[in-house]
Each structure stands twice: as structure tokens, then as C-alpha cells.
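S.K.: Attaching a single structure in C-alpha cells format; questions to follow.
Just so you know, all these numbers are worked out from the coordinates, no wet-lab data involved. Computed from a prediction, not measured in an experiment: that's the story for all the values here. Cβ placement follows ideal geometry from the backbone for every residue including glycine, while neighbour counts extend to all protein chains displayed.
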Amino acid sequence: MHRYYGRATESESATRSRYDGYVPDGVIRDVDGEMIGYYSANVDVTAQRKAEAELERTLEDLRRANAELEQFAYVASHDLQEPLRMVASYVQLIKQRYEGKLDPDADDFIEYAVDGANRMKRLINDLLTFSRVGTRGRPFETTRVSDVLRHVQDNLAMAIEEAGADIVVDPLPTIEADEAQLVQLFQNLLANAIKFRREGEHPRIRVSAAREGDDWIFRVEDNGIGIEDEYFDKIFIIFQRLHGKGDFPGTGIGLSVCKKIVERHGGRIWVESKPCEGSVFQFSLPTRRVRETGEQ
Ligand code: ADP
């Protein structure tokens, strides 16, 4: 840092007793308000500016790559739907018309084909749901999170009733968010908390929020089967599951959608858990309004 002093430094000793201290515009005045000098500071920021420009370029590249990938996932999954619908319906037709009329092997083969087509349909639908978080998001609006939770509990009423789930919702804040996506986010977390319950136990779930600096930290706590810590990151990746379909139904899309929604809102999501004790899914959302991409 280079400092430049005006006349005040030369006459400093003479004026020290009359100097009336710091003046915001850099001008130094005596007690009568007369200018007796000035102060200015100058920092060489060339390297910093260069680094900032580099960072901005990298971010822009990342944004573009992300948007392209999202578009690709959307187009691929959307355009695959039609031919797949055709395959699925004709295989279904063959099954209806020829089941039991060909040899036993043929019945098995048809069964595999129907099963495969149905599985592909589910995956493509999930991929579409995932890509729509970015492409079909709505603008952020003032949203009462307690209303979101009421909505979610209405949507899950049957599952809550069947499992005998006990859900406690603490007071929750009002934030700027895409309300439909917040519903999707909490619904996925609550549905998992109900689904991954321990045998013979009623799910006990608590939803709460606490302010930490510039963020709200939301918690969804359950008493379910829990997760080994080596899988804490893996479960947020699309189509990653820790259980076979026979144990718990699902395709492994729920948490990756949660992650995408939280990131679109400028936050992050993580889990803390102990096997056989329960899990706490937590995510942060900024208290300040963020731009749609998740940046300030
Ligand atoms: P899905 O529910 O279709 O399997 P998710 O992406 O929602 O997909 O979850 C991924 C995996 O994370 C699940 O298969 C499960 O192993 C684990 N998981 C998610 N939520 C919980 C939970 N509340 N308790 C225990 N395990 C969970």
C-alpha cells in the first residue's frame, strides 16, 4: 500500500494541536474548518482484479456447462418418452394376447421385457423431474414454511396414517423461495423418514429451523434405520440407493432432487445419522434474497 500525504504532513507539527481529527472525505481541516491538507491511500489491485476476472470467467463457463447438461437431460428424457411408450404398450399387448399360448420360456421373456420397459419409464420420468428443477423453477416469493409443511402433510396423509407416524413441526420462518420446490423438498425428506422406518417402530419425525448467521438451518429428524457414515455423500447422487427394491421401494431420485432444489436456493444439504438410531437431514437456506441461480 502506498500512502500519499498532502501539505498536512509538512505542517503537521505546527497544526497538531489545532487538528480536529479524521475527516471522511480525506480532507484534513483545522478547528475553524479550513483545509490544511489531505490524505489518500492507494493499493495496487491489478493482481486481485485479474484473479476476480478469471474467477468470473470460470463461473460463467460452469454456468453454461451446467445449463447445457440440464438441457441435454431434459431433451433426452423428454424425447425418449414417446418411443418408450410405444415399446411398452406393444410389449404389454403381446403379453395380453399371447401369454400361455407360446412355450413357457416365451412367457418369461415377455415378462422381462414388460418389467424392463416399466423400469425405464420410471427412470426417464425421474430424470425429467430432476432436470425440471433447473429448467422449470418459478421465481422466488415470500413463502411461509409452516404452510409448506401443512401442504406436505396433506399430500402424505395416507402414508402418515398407514405408518402411524408422529410428526412434530416446530415454529418455522418465512423466507424467499420457490414454494412448489419447497413442498417437493420437504415432501421427499418426510416421505423418506416414513419409508426408512425401523421394523416394529412408529416413525417419530421432528421438523425445526434455527437461525445461524445469514442462514436458516432446517432439520428433519427421524428415528428410522439410519445410514452408515461412509454413505453420507453417496445418497445425494442421482439413482444411488443403499437398499434393493425388495426392501424399500424407490429409484434413488428423491435426495438428488432435494440437493438440486437447495442449491438453486443458494444453500447446501447434508445428513448426520447413526445406523439403527435415526437420521437428521439438514439444509441451509440464506435469509437474504438470492438470485435464482443460487448466487447472491
Ligand atoms: P429412494 O428413496 O428412491 O431410495 P433417495 O434419493 O430419496 O431415493 O434416497 C437415497 C437413499 O438414501 C435411500 O435408498 C436410502 O438408502 C437412504 N435414505 C434416504 N433417506 C433416509 C432416511 N430418512 N433414513 C435412512 N436412509 C435414508
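S.K.: Computed over the Cα atoms, what is the radius of gyration of segment 141-286 divided by 2.2 N^0.38 Å, N being its residue count?
M.R.: Expressed relative to 2.2 N^0.38 Å, the Cα Rg reads 0.98.
S.K.: Given the Cα-Cα distance of A47 and T287 and 0.36 nm per residue of separation, how much length would full extension add, in nm?
M.R.: Numbers: separation 240, 0.36 × 240 = 86.40 nm, distance 3.27 nm.
Length difference between fully extended and current span is 83.1 nm.
S.K.: Just tell me the longest site-free run in the chain, where the sites are GluC sites (Glu not before Pro) in a DSSP loop having at most 12 other beta-carbon atoms within 10 Å. Can you show the working numbers first?
M.R.: Working: sites that count: E34, E99, E199, E228, E277, E295.
Counting at most 12 other Cβ atoms within 10 Å as exposed, the longest clean stretch of the chain is 100-198.
S.K.: Pick from G213, G137, G267: which is most flexible by mean-square fluctuation in a GNM of the chain where alpha carbon atoms under 10 Å apart are linked?
M.R.: G213
S.K.: Find how many whole Å separate the alpha carbon centroid of segment 34-94 from the alpha carbon centroid of segment 162-204.
M.R.: 31
S.K.: Where the centre of each part is set by its Cα atoms, how far does segment 235-276 sit from segment 211-225, in angstrom?
M.R.: Their Cα centres are 15 Å away from one another.
S.K.: Which of the listed residues, Y90, M120, G134, is farthest toward the dipole's positive end in segment 48-135, when Lys, Arg count +1 and Asp, Glu count -1 at the beta-carbon?
M.R.: Of the candidates, G134 comes out farthest on the positive side.
S.K.: For E56 and E201, compute 0.36 nm times the residue count separating them, minus their Cα-Cα distance, and round to one decimal in nm.
M.R.: The span from E56 to E201 would gain 47.1 nm if fully extended.
S.K.: Please report the Cα spread of the chain along all three principal axes, rounded to whole Å, starting with the longest.
M.R.: 113, 42, 35
S.K.: Determine which lysines satisfy two conditions relative to K234: a Cα distance under 23 Å, and not lying fewer than 8 residues away in the same chain.
M.R.: The reachable lysines, counting only those whose Cα sits under 23 Å from K234, are K195, K245, K259, K260, K274.
S.K.: May I pose another question? In percent, what relative contact order does segment 141-286 have, based on Cα pairs under 8 Å that are 6 or more apart in sequence?
M.R.: 23
S.K.: How large is ³J(HN,Hα), in whole Hz, for each residue of segment 40-56 in order, when computed from phi with the Karplus curve 6.51 cos²θ - 1.76 cosθ + 1.60 and θ = phi - 60°, using x for Gly and Pro?
M.R.: Result, rounded to whole Hz: 9, 10, 9, 10, 6, 10, 4, 5, 5, 4, 4, 5, 5, 5, 4, 5, 4.
S.K.: May I ask what percent, to the nearest 5, of DSSP beta bridges between residues of segment 141-286 are antiparallel?
M.R.: 85
S.K.: Now for a different question. Can you run phi through the Karplus equation (6.51, -1.76, 1.60; θ = phi - 60°) for segment 112-126 and list ³J(HN,Hα) in whole Hz, with x for Gly and Pro?
M.R.: 4, 5, 4, 4, x, 5, 5, 5, 5, 4, 4, 5, 5, 4, 5
S.K.: Relative contact order, percent, of the chain when contacts are C-alpha pairs under 8 Å separated by at least 6 residues?
M.R.: In percent, rounded to a whole number, it is 13.
S.K.: What base-10 log of the normalised intensity I(q)/I(0) is obtained for segment 44-93 from the Debye formula, alpha carbons as equal point scatterers, at q = 0.29, 0.32 Å⁻¹?
M.R.: Ignoring solvent entirely, the Cα scatterers give -0.96, -1.02.
S.K.: If packing is taken as the average number of other Cβ atoms within 10 Å across a peptide's residues, how do 253-259, 153-159 rank, most packed first?
M.R.: Ranking, from highest mean packing down: 253-259, 153-159.
S.K.: Relative contact order of segment 48-135, please, whole-number percent, based on alpha carbon pairs below 8 angstrom and at least 6 residues apart.
M.R.: Values: 39 pairs, mean separation 39.5, N = 88.
It comes to 45 percent, rounded to a whole number.
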